[in-house]
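Notes follow the structure.
The values are calculated or read from the model by the stated rules, or taken from the named source; none is laboratory data. All values reported here derive from a predicted model rather than from experimental measurement. Methodologically, a virtual Cβ is constructed for each residue, glycine included, from the backbone with ideal geometry; neighbour enumeration extends over all protein chains shown.
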Amino acid sequence: MQGMYAIPIYKRLRDMRDRAIRTPSYRVVYAHALTVAHMAGHLIPDDHPGWTRIEDALQAARAGDLSSLDTIEREISRMMGDGVKPPRISD
């Protein structure tokens, strides 16, 4: 039997979000789960697969592959959930 903790946090939150969209009465449960995740520092969960892609891209950037910066920017944008690129820092 697979316990609830075997499911990554990001998948549980995503599934809860989808259920809250379909079932308005479930929205309070989803809101509570988001609050608890945020208080535990997991609003963007540390088990999200985007972190692995970002870490790989950071290693590539350190090795001189500047195109990997696009991967980092894309993954951060994807984890933010709205597809909007983060603002560029100007000098």
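Taking the criterion of being loosely packed, with under 13 Cβ neighbours inside 10 Å, outside any helix (DSSP H, G or I) and modelled with pLDDT of 80 or more, would at least one residue in region 26-39 satisfy it? No, that holds for no residue. Of the residues in region 56-74, not one is at pLDDT below 85 and in contact with a Lys or Arg (Cβ under 8 Å, 6 or more places away or on another chain).
Mind checking whether some residue in region 1-14 is modelled with pLDDT of 80 or more and polar (S, T, N, Q)?
Of region 1-14, the ones modelled with pLDDT of 80 or more are 11-14.
Now restrict to residues that are polar (S, T, N, Q): none.
No, region 1-14 contains no residue that is modelled with pLDDT of 80 or more and polar (S, T, N, Q).
Contact annotation: residue pairs with Cβ atoms under 7 Å, 6 or more positions apart or on different chains, pairing a residue in region 48-75 that is under 24 Å from Lys11 (Cα atoms) with a partner that is of a type in the set (Gly, Ala, Ser) and outside any loop (DSSP other than H, G, I, E, B), are Ala57/Ser68; Thr71/Ala57; Ile72/Ala57; Glu75/Gly50.
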